Structure formats: structure tokens, C-alpha cells
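Take a look at the structure below.
The values are calculated or read from the model by the stated rules, or taken from the named source; none is laboratory data. Predicted, not measured: the structure shown is a model, and the values here were computed from it. Neighbour counts are summed over all protein chains in view; Cβ atoms, including those assigned to glycine, are modelled from backbone coordinates with ideal geometry. Calculation scope for accessible area: heavy atoms of the full protein, side chains included, ligands and nucleic acids excluded. Shrake-Rupley method; radii C 1.70, N 1.55, O 1.52, S 1.80 Å.
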Amino acid sequence: MEKEEIVNRLTPVFRKVFSDNSLVITDELSALDVENWDSLSHMLLISEVENEFSIKFKLKDLNKMANVGDMVAIISSKF
Amino acid sequence: MLIASYYFYINIKPVYALLLAGVTITTYLFTNLIAKATSDRGKRLLLIAAIVLILLPLFFFKYFNFVNEGIFGLLNYAGLHLSLPHISLLLPVGISFYTFMALGYIIDVYNEEIEAEKNFGIVALFLSFFPVVMSGPIERASNMFHQFKGKLRFSYEMVVSGLQLMLWGYFMKLALADRISIYIDAVFKNTDQHVGSSLLLATLMQPIRVYGDLGGYSLIAIGCAKVMGVNVIPNFNRPFFATTMSEFWRRWHISLIKWLTDYVYTPLSFGFRKYGVWGIVIALNLTFIISGAWHGAALNFLVWGGIQGVALSFEMLTRKRKDAFEDRFRLKKRWWYIMLGCVFTYLLFAFSLSFGGDAATVAEVLQIFKRIVTDSFHLPYKDGDTMLYGFIAFSILFIKDFMEEYYPGRILLFNHKNNTVRWLAYYCVIFLIFYLGVFSGEQFVYFQF
């Protein structure tokens, strides 16, 4: 799957989980940049992303996600 | 350093050094086997085998008598007469701490976050490093290996800063924790003889005692490692200025909480993620119940863990609403609102800590709470010297933490550019330790873990 398509599908998921309709997704975006991004919303995000792309992450994947760029790369590797 | 560490450990109890060596060999073998395994299934099986093997001694020493007396007692009640001999076991010093460090390292290797170390000496030093082996901080391989591999150079700044930390650590332990322990023990060992107000005072002093004890020990350990040129992770960060329980647990026993977060909470919440918010609430509560069970094999420790879990879940579920409320009335920077948060958090922790001790069962703690509320008012039991010395020591620590929290860099005593001020501050603290301190050979609370 193309990176652009992944980002396009991720955007509404992020906006819904963090309740922010103007959130713009970049590779560098991480928990430090988003106010509501705590351990609770992180796990909800993971679950929503899995549903959106019909994939399953491994715990190992989770530890490697330092920012959105990492997440996109991991999603891409699942296809 | 490895020889020094083992020498130190053998001096405490030689036989238990064999156990430490056994855990080290198991860790070394299994991390290298996991790294070499080619299939996911093989890696997973090795991981499970390693976790079971590493946990066995801890379970044996910590829960043997509990299982023996508790479970077999129940079976006996049900008409099944089974029993194993009661074994009088002294928990090997530091077993929890090196077990946790070994497990963390093995899981990190499995998750490919760190490479399996080929040099056995580095792994052995990591698990036996004498400043931290007895009571933490619970270190990570990723922070220690590269320091042990590099050349340790003498650094004047690190020696000075290490000694300063040790000095504060001794102050917190000898002048504060051991001093107020006299009062707390006098009250809690004879609750029948004391009035409600004494029980309340002793309950409120408990968090200060543990902060002085484990916080002091941690500073001594961190300082001692620093003198040798090794940086160890911090364990406390001015916990009494936390305004919520979630913030409190980011400031209290940090190395344990980070360990639990990475190796218990995260896998659990990941496993329960399909249940949404409730999956995370379950994971949070289970994590603290496990933490409670580690602190002691008794119902009161589970209650302690349960209270933390429920409080944190409540804060997590109401956070958005609370944030909106605080923004609406611009409360976040109001000093009285911050103070209210600190006091409430402190009280909640202090009362929950009553369940976190060896001395009292759940029923006894509830009885103490009842008496705090229902006893007619009398002035608390007075132990003049203890209270005065304890109060002076606490005030000094409180002012230091307060300044560092809200006015960092404003008052520098240990780091003042003037030599005389620095030395005067050192002598002052040394004098206070001797003047206020207790030197009757009190143990550190967490040595029994």
C-alpha cells in the first residue's frame, strides 16, 4: 500500500481518537506533540488503526513506534 | 567492579551468591539462544522457558510459606491433610531486583530492542552491580551495558556530584526516615494504647518514612555509582508535589513503575485492546494488583494495589472532563488549586499505604481508620525529641524539594560557585545527620524484597 493512501486513511482515525478535527499528520508527529496522546488513547489508537486496515500489530511493533512515520512503515510492511 | 560486586554480595550471605550466579548464567544462556533462534515459535518457547526459570527462585522464596500455610490450611479445613515442612527462609538480598533486571533484559532481547551480550562479564556485572543490587533502582541493560563496556574514566565533577547525592541520601535515611520510624513504630506496634489522633499522625507520617528510606537509599546507590563514573536512572522526583495519583506514580519509585509499565501493563493492555477503554482499566488494575502481590503475599497488599488501580482508572476515565473544567475556570496555575491537588493526593496515598505494610491485616487497618474517625479527641501521643528532630529534618527536605520544584536554580548551596558556601553547606548537612540522625543500625525497608 502506498504511503499516501496510508496517511489519508490514518488522518480520520487520529482525528477521531484525539477529538481534534484539524489534526494534520506528519512523519515526525509523536505523543509529545498531541495533548491527549497518553497511554490510554495510544492503545485506543492502535486498536482503531488495526480495524481500519484489517491488520494485527505485534507487541514488538508497538515498541518500535516512536512516531507516525514508524507507524506508517509498520502498516506498510503488513501488506 | 565485578569482583567488588560479588565480594560485596558474598559478604552479606555467601550461599545466596550462588543463586545470583545461577540467574546470571540462565540469563546469559537464554538471551544468546533467543538471539540465535530462527523461528518465531522457537524464540517464544525460549522466552517462556527463561521467564519461568528466572522467576522460580523468587516465587519459591517469597511465596513458599504462603502457599504452604495458606493453601494447605484451606485444604486441611476441607478435610485434606497435606503439608510441607515450614521452612524458615530469609529472602535472598536483592532477589526481586536482579530478577526484574534479568527479566527486562531477556524480554528486550526477545523484542529486538537490544542485542544479546556476548561478553559474560558484562551481564554478570549488570546483575550484580553492587550499588543497585540490594534495593534498586531497577536498571535496564540498554542504559548499563554501554557504560560498562566503555572506559570508566575518573571525572572530578561526577565524583563530587555522586558524593553530594550520597550525603542527601544519608540525611533522608538517618535523620528523617529512621527518626520518624521511632514514632510510627511506637504507635502502630501498640495501637490499643494510642488515641485516634496518634493513629492519624502516624498514618500521615508513613509516606514520608518510605520516601526518606527508599528515596534516601536510592540516592546513596545512584551517588555511589556516579562516584565510579556510572550513571544510574533516578528513582524519585519530589513525589509530594504531585497533584494527581497518575502524576504521583510518575514520581514515586520510578524505576519499578517504568519496569511494570513496560513489561506488565503494556503487554496486558495490548492483549486487552479489543475491549477498548475497559481493557485498559483491567490492565491497569491487574498491574497494580501484581505490584501489590510482589510487595507481599497477603490480602492487605492486594487491597493496596487495588486502591492504586481504582484511583488511576478513575483519573484516566475522567481526565478529559477534569481538563475542561480546569480550563473553564482557569484553575491549573492557581496556587491554592495546586496545593489542594497535592494535599488530596498525599492523603489518598498515605491512607492506602496503611494496607501496604507487613504489620497489619485488612481488618486491623479498617479498625485503625474507624478509631481515627470515632475516637473522642485527645492530643496525640507526644515523644518530644523524636517529633522535634523529625520535624526539623522533614522541613529541611521539604524546603529543598519545594525550591527545586517551583524555583529551580534559585538557591544553590551544594552547587554554589563560592567554595566557602559549598563547604559550609556540606558541613551543615553532615552536622545535621549526626545531630538529628539515628545510629542504631536500622535496616532499609526494601532490603526484604
Is there a residue being touching a residue at least 24 places away in the same chain (Cβ under 8 Å), on the phi < 0 side of the Ramachandran plot and out of contact with any Asp or Glu (no Cβ under 9 Å at 6 or more places or on another chain) anywhere in segment B:437-445? no
Restricting attention to segment B:307-323, and to residues there that are open to solvent by 20 Å² or more (accessible area, probe 1.4 Å) and away from chain A (no Cβ under 11 Å), which single residue is nearest to residue A:41 (Cα to Cα)? B:318
For residues in segment B:106-136 being open to solvent by 10 Å² or more (accessible area, probe 1.4 Å) and of a type in the set (Phe, Trp, Tyr), which is farthest from residue B:222 (Cα to Cα)? B:110
Mind listing just one residue for me: the one in segment A:33-79 that is within 11 Å of chain B (Cβ to nearest Cβ) and in a loop (DSSP other than H, G, I, E, B) and, of those, least open to solvent (accessible area, probe 1.4 Å)? A:57
Residue check, residue B:148 more than 17 Å from residue B:33 (Cα to Cα), buried (at least 24 other Cβ atoms within 10 Å of the Cβ) and more than 14 Å from every other protein chain (Cβ to nearest Cβ): no
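Residue-by-condition table, conditions (1) open to solvent by less than 40 Å² (accessible area, probe 1.4 Å); (2) of a type in the set (Val, Ile, Thr); (3) modelled with pLDDT under 95:
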| site | (1), (2), (3) |
| --- | --- |
| B:52 | no, yes, no |
| B:57 | yes, no, yes |
| B:60 | no, no, yes |
| B:65 | yes, no, yes |
| B:69 | no, no, yes |
Hey, residue B:48 hits all of (1) open to solvent by 60 Å² or more (accessible area, probe 1.4 Å); (2) under 13 Å from residue B:92 (Cα atoms); (3) without any contact (Cβ under 8 Å) to a residue 24 or more places away in the chain but one; which does it fall short on? (2)
Might you let me know whether segment A:5-26 holds any residue that is among the aliphatic types (A, V, I, L, M), closer than 27 Å to residue B:40 by Cα and open to solvent by less than 60 Å² (accessible area, probe 1.4 Å)? no
From the residues in segment B:406-423 that are exposed (fewer than 13 other Cβ atoms within 10 Å of the Cβ) and part of a helix (DSSP H, G or I), which one is nearest to the chain's Cα centre (by Cα)? B:406
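Hey, does segment B:314-330 have a residue that's assigned to a helix (DSSP H, G or I), hydrophobic (A, V, I, L, M, F, W, C) and closer than 30 Å to residue B:196 by Cβ? Before you say what the answer is, go through the steps one by one.
From segment B:314-330, those assigned to a helix (DSSP H, G or I) are B:314-328; that's our starting set.
This time we only want the ones that are hydrophobic (A, V, I, L, M, F, W, C), so: B:314, B:316-317, B:324-325.
Of the ones still in play, those that are also closer than 30 Å to residue B:196 by Cβ are B:314.
Within segment B:314-330, one or more residues are assigned to a helix (DSSP H, G or I), hydrophobic (A, V, I, L, M, F, W, C) and closer than 30 Å to residue B:196 by Cβ.
Is there a residue in segment B:199-212 that is more than 15 Å from residue B:134 (Cα to Cα) and not in a helix (DSSP H, G or I)?
At the first step, the residues of segment B:199-212 found to be more than 15 Å from residue B:134 (Cα to Cα) are B:199-212.
Adding the requirement that they be not in a helix (DSSP H, G or I) leaves none.
No: segment B:199-212 contains no residue that is more than 15 Å from residue B:134 (Cα to Cα) and not in a helix (DSSP H, G or I).
Quick check on residue B:201: is it away from every other protein chain (no Cβ under 14 Å), among the aliphatic types (A, V, I, L, M) and open to solvent by 20 Å² or more (accessible area, probe 1.4 Å)? First the steps, then the outcome.
Working: away from every other protein chain (no Cβ under 14 Å): yes; among the aliphatic types (A, V, I, L, M): yes; open to solvent by 20 Å² or more (accessible area, probe 1.4 Å): yes.
Judged against the criteria, residue B:201 is a match.
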Quick test for you: out of B:214, B:219, pick the one residue that is open to solvent by less than 30 Å² (accessible area, probe 1.4 Å), among the hydrophobic types (A, V, I, L, M, F, W, C) and under 18 Å from the mean Cα position of the chain (by Cα). B:214
A careful count of residues in segment B:241-251 that are more than 10 Å from chain A (Cβ to nearest Cβ), open to solvent by 30 Å² or more (accessible area, probe 1.4 Å) and assigned to a helix (DSSP H, G or I) gives 1
Report, ordered by the first and then the second residue, all pairs with beta carbons closer than 7 Å, sequence separation of six or more or different chains, a first member in segment A:1-30 that is modelled with pLDDT under 90, and a second member that is open to solvent by 80 Å² or more (accessible area, probe 1.4 Å). A:1/A:79
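Can you say whether residue B:226 is surrounded by fewer than 17 Cβ atoms within 10 Å (Cβ to Cβ) and either free of Cβ contacts under 8 Å to residues at least 12 places away in the same chain or away from chain A (no Cβ under 14 Å) (or both), as far as the supplied structure shows?
Values: surrounded by fewer than 17 Cβ atoms within 10 Å (Cβ to Cβ): no; either free of Cβ contacts under 8 Å to residues at least 12 places away in the same chain or away from chain A (no Cβ under 14 Å) (or both): yes.
When the stated conditions are applied, residue B:226 does not pass them.
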Which one is farthest from the other protein chains (Cβ to nearest Cβ) among residues in segment A:15-32 that are assigned to a helix (DSSP H, G or I) and more than 23 Å from residue B:267 (Cα to Cα)? A:15
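For segment B:252-285, which positions are open to solvent by 40 Å² or more (accessible area, probe 1.4 Å) and either at the interface with another protein chain (Cβ under 7 Å from one of its Cβ atoms) or assigned to a helix (DSSP H, G or I) (or both)?
Applying the first criterion (open to solvent by 40 Å² or more (accessible area, probe 1.4 Å)) to segment B:252-285 yields B:258, B:261-262, B:267-268, B:271-272, B:274-275, B:277-278, B:282.
Selection gives B:258, B:261, B:262, B:267, B:268, B:271, B:274, B:275, B:277, B:278, B:282.
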I'd like to know if segment B:141-157 contains one or more residues that are among the acidic types (Asp, Glu) and in contact (Cβ under 8 Å) with a residue 24 or more places away in the chain. no
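Against the condition among the acidic types (Asp, Glu) and open to solvent by less than 50 Å² (accessible area, probe 1.4 Å), how does residue B:401 come out, does it pass?
Working: among the acidic types (Asp, Glu): yes; open to solvent by less than 50 Å² (accessible area, probe 1.4 Å): yes.
So residue B:401 passes the test.
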